[in-house]
Amino acid sequence: MIEEKILDKEKKALERWGQGDPSGYLEISHKDVTYFDPFIDARIDGLDTLTKYYEGLKGKIQIDQFEIINPRFIISDNLVVLSYNYVSYSDNNKFLWNCTEVYQKIDEDWKIIQTHWSITKPKFQT
């Protein structure tokens, strides 16, 4: 089942992410991936640029536990859109996120071609 395969990839990448190893996501991303992150001003284009960005995060992330809540899949012939709410717990803090990943089937494997992370209910400066 496609949903199980995609969700398994996502969970394994998140497990590595939570241990300070962002390369799990790099391994499942396409070379032409685009990436939106709420902490940077512009979209990241391409796996090489994303790799450089993630290098600066290596070893700096520690997540004790996480949950993927209400995953939703929209499936086409060779595309899957996965969206979910993500909750992470670290040092008695709880962080709420929204995530959308677009996977494309390329050479019999599913790769991320677009990622968008946002903070749930962010506090905007006025």
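Would you mind finding the one in LYS5, LYS12 that is surrounded by 14 or more Cβ atoms within 10 Å (Cβ to Cβ) and either polar (S, T, N, Q) or out of contact with any Cys (no Cβ under 7 Å at 6 or more places or on another chain) (or both)? Just a single option satisfies the conditions, and that option is LYS12. Taking the criterion of being touching a residue at least 12 places away in the same chain (Cβ under 8 Å) and either of a type outside the set (Val, Ile, Thr) or in contact with a Ser or Thr (Cβ under 7 Å, 6 or more places away or on another chain) (or both), the residues of the range 96-107 that qualify are LEU96, TRP97, ASN98, CYS99, THR100, GLU101, TYR103, GLN104, LYS105. Listed by first and then second residue, the pairs linking a residue in the range 108-120 that is farther than 17 Å from ILE40 by Cβ and at pLDDT 95 or above to a residue that is assigned to a strand (DSSP E or B) and of a type in the set (Val, Ile, Thr), with Cβ atoms under 8 Å apart and 6 or more places separating them unless they lie on different chains, are TRP110/VAL80; LYS111/VAL33; ILE112/VAL33; ILE112/VAL102; ILE113/VAL33; ILE113/THR34; ILE113/VAL102.
Among the strands (runs of 3 or more DSSP E) confined to the range 48-106, the ones with at least 3 residues that are touching an Asp or Glu at 6+ places or on another chain (Cβ under 8 Å) are located at 65-75, 79-90. Of the residues making up the range 76-105, those that are under 21 Å from LYS5 (Cα atoms) and at pLDDT below 95 number 1.
Mind listing just one residue for me: the one in the range 1-26 that is aliphatic (A, V, I, L, M) and part of a helix (DSSP H, G or I) and, of those, farthest from the chain's Cα centre (by Cα)? Walk me through how you get there before you give the answer.
Here is the first cut: in the range 1-26, the residues aliphatic (A, V, I, L, M) are 1-2, 6-7, 13-14, 26.
From what is left, the residues that are part of a helix (DSSP H, G or I) are 2, 6-7, 13-14, 26.
Values: ILE2: 18, ILE6: 12, LEU7: 11, ALA13: 8, LEU14: 7, LEU26: 10 Å.
Step by step, filter the range 1-26, then rank; the result is ILE2.
In the range 66-84, which residues are without any contact (Cβ under 8 Å) to a residue 40 or more places away in the chain and surrounded by fewer than 15 Cβ atoms within 10 Å (Cβ to Cβ)? Scanning the range 66-84 gives GLU67, ILE69, ASN70, ARG72, ILE74, SER76, ASP77, ASN78, LEU79.
The values are calculated or read from the model by the stated rules, or taken from the named source; none is laboratory data. Just so you know, these numbers come straight off a predicted model, no measurement behind them. So basically every Cβ, Gly included, is an ideal-geometry build from the backbone, and we count neighbours across all protein chains shown.
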